[in-house]
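Please read the structure below before turning to the comments.
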Amino acid sequence: MRGRLRRPAAALAGLLALGAAATGCGIRPTSVPVDAGPAPSRVPCTVPANAVSPQFEGVTVQVYLVCGAQLVTAQRSVRTPQTQGAADRVRFAQALLDELSAKPSGDEKDAGYTTEVPAPLTVMVARAGDPAGTLRLSRNPQDLSALALSQVVCTYADNAPAAPGSDQVVLGGPGEDPARGYTCTAEMKSRPGNVPTLGEIPSPGRS
């Protein structure tokens, strides 16, 4: 019996010695699990192809949203003007702007898409003496955030440039400030937080 009693006592002494050694090393033993928080996750920035469904019959266009600190494209279905007059161009530009300012869909939100374009934001006709292809906004382009302005510039560059075959967009505000040309570049798409690139100021002309 004495031999049997000595073994548990020796085992207990060994555990106490290990605990003392751990305390001596600055490690405080605990039986409570430590919650380090959820593991970091990465958004895919990709919407499943079968999740895109046009709201009505129209032309499918690409608009630029923000995801992962970059500009990414999203498909939208918008109505196109029947003619190519200045008023029809303004209506088409407004439809694009409405898509930019709308909240991302559920699938886009799950993929990490956001938008910085504020609402309401409207497009107005160009003024006399404005460069050809000018689009004037209800807010000065310089008053928009760099992200929002990059979204607008790249979306217009792809769908409603100042001239056919051009990648330049001419924007102005509601005041008397002259319109300016903006160019959508690869750097703007990868780093939209920077100030959008100013293109050459177009020559005045009727838009």
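FYI, it's all coordinate maths here, none of it is from the lab. Since the model is a prediction, treat every value here as computed from it, not as a measurement. Glycine gets a Cβ as well: all are built from the backbone with ideal geometry, and neighbour counts include every protein chain shown.
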- Message: In the stretch 76-195, if the dipole is taken from +1 on Lys/Arg beta carbons and -1 on Asp/Glu beta carbons about the Cα centre, which of 97, 124, 157 is farthest to the positive end?
- Response: 124
- Message: Please arrange 189, 103 by how many other C-beta atoms lie within 10 Å of their C-beta, fewest to most.
- Response: 103, 189
- Between residue 166 and residue 77, 0.36 nm times their residue separation minus their Cα-Cα distance comes to what? 29.8 nm
- Figure the gain on full extension for residue 45 and residue 198 (residue separation times 0.36 nm, minus the Cα-Cα span) and round it to one decimal in nm. 52.3 nm
- On average over all directions, what projected area in square nanometres does the stretch 147-187 have, based on the convex hull of its Cα atoms? 3.2
- Task: Please list the radius of gyration and Dmax for the stretch 62-174, considering alpha-carbon atoms only, with Å as the unit.
- Result: 13.7, 45
- Fewest-first ordering of 170, 125 by Cβ atoms within 10 Å yields 125, 170
- Of 143, 98, how do they rank once you tally other Cβ atoms within 10 Å and put the fewest first? 143, 98
- Message: Given points 7 Å out from each Cα along the Cα-Cβ axis, report the residue 189 to residue 119 separation in nanometres with one decimal.
- Response: 2.6
